[in-house]
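One structure is given here, and the rest of the page talks about it.
The values are calculated or read from the model by the stated rules, or taken from the named source; none is laboratory data. This is a predicted model, so every value here is computed, not measured. Glycine gets a Cβ as well: all are built from the backbone with ideal geometry, and neighbour counts include every protein chain shown. SASA here: full protein model, heavy atoms, side chains in, ligands and nucleic acids out. Shrake-Rupley method; radii C 1.70, N 1.55, O 1.52, S 1.80 Å.
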Amino acid sequence: MCRWAAYIGEPIFISDIISAPAHSLIDQSRSAEKGKTELNADGFGLAWYGERETPAVFKDIQPAWSNANLSSLVDHLRAPLFLSHVRASTGSGVSRSNCHPFSVGSWSFMHNGLIGGYEDLRKQSDMLIADELYQYRLGTTDSEAMFLIALSRGLKADPASALRETLKQFKGLKKGESHFRISIAMSDGERIFTFRYASDDLAPTIFYRRAEHSNGWSIVSEPYDQDVSGWTTLPNNSFCVFSRNAPPWQQAFMP
């Protein structure tokens, strides 16, 4: 599976999370400790917000540790909100279109986990995407489909309800006993929404804490430093909202 990291707060250099810490996201791309796979070498992506409503997005199929452009960019770019992802494919091809984060308008979205049996559901799930949004279906992943279906189900107005309806519809398509294992971070440019869920007891992890040297929040799939004592674990079956000037708001989530 994949690894990801997100931040919201006063502007910081993206490298403060992505590359500088001892167990940064780039380090996790080759030596993850809490994911199903240690290696996350099937591409990477970065979405960040600045003065415009829509995010800038940079993605490539190279491993994150070997991309000199990524290292230079995060060393010099400061942002108040960003999402970054390193990918380990669970079946779909290695391509730029399949790299996270995905974006539509002001929204960006990234995912770690899987929808079990997705290859048998792919055609049916694509039909759940609203016609006006299908132009954004550029790749073949379950993650992108989930994002576009959620947008089709009112993500902008009520993110939690849209995700609940999306998973309900996926469950309606499924056959057999294959599982959902999901952790999501997404943003509308003003907040970061996170979601952790599994149909068994193996939900991918999410941790959060106050960021060092700023009043912001770091939200990650795996802690990026050696001392993990300051991190809070988001409980399984939870939906949590992070804002710049407020404590996290959390609720239980059962599709």
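Take segment 221-230 and flag every residue that is surrounded by fewer than 18 Cβ atoms within 10 Å (Cβ to Cβ) and in contact with a strand residue (DSSP E or B) (Cβ under 6 Å, 6 or more places away or on another chain).
GLY230
Can you pull out every residue in segment 97-119 that is surrounded by fewer than 24 Cβ atoms within 10 Å (Cβ to Cβ) and either modelled with pLDDT of 95 or more or among the hydrophobic types (A, V, I, L, M, F, W, C) (or both)?
Matches in segment 97-119: SER97, ASN98, SER103, VAL104, GLY105, SER106, TRP107, LEU114.
Can you pull out the residues in segment 138-165 that are in a helix (DSSP H, G or I), under 15 Å from LYS123 (Cα atoms) and polar (S, T, N, Q)? Walk me through it before giving the result.
Kept after step one, since they are in a helix (DSSP H, G or I), are these residues of segment 138-165: 142-152, 159-165.
Those still in the list that are under 15 Å from LYS123 (Cα atoms) too: 142-146, 148-149.
Once the filter is applied, which keeps residues that are in a helix (DSSP H, G or I), under 15 Å from LYS123 (Cα atoms) and polar (S, T, N, Q), segment 138-165 yields only SER143.
Pairs, please: C-beta under 8 Å, at least 6 apart or cross-chain, first residue modelled with pLDDT of 95 or more and in segment 146-158, second of a type in the set (Lys, Arg) and open to solvent by 10 Å² or more (accessible area, probe 1.4 Å)?
LEU148/ARG137
Looking only at strands (runs of 3 or more DSSP E) that fall completely inside segment 192-255, which ones have 2 or more residues that are on the phi > 0 side of the Ramachandran plot, among the hydrophobic types (A, V, I, L, M, F, W, C) and more than 18 Å from the chain's Cα centre (by Cα)?
Hits in segment 192-255: none.
Got a number for residues in segment 74-86 being open to solvent by less than 10 Å² (accessible area, probe 1.4 Å) and either out of contact with any Ser or Thr (no Cβ under 7 Å at 6 or more places or on another chain) or within 10 Å of SER143 (Cβ to Cβ) (or both)? Before the answer, list the steps.
Applying the first criterion (open to solvent by less than 10 Å² (accessible area, probe 1.4 Å)) to segment 74-86 yields 74, 79, 81-86.
Among the residues that remain, those that are also either out of contact with any Ser or Thr (no Cβ under 7 Å at 6 or more places or on another chain) or within 10 Å of SER143 (Cβ to Cβ) (or both) are: 79, 82, 84-85.
Adding up the residues that qualify gives 4.
Here are some conditions: (1) open to solvent by 10 Å² or more (accessible area, probe 1.4 Å); (2) in a strand (DSSP E or B); (3) polar (S, T, N, Q). SER89 meets all but one. Which one does it not meet?
Exception for SER89: condition (2).
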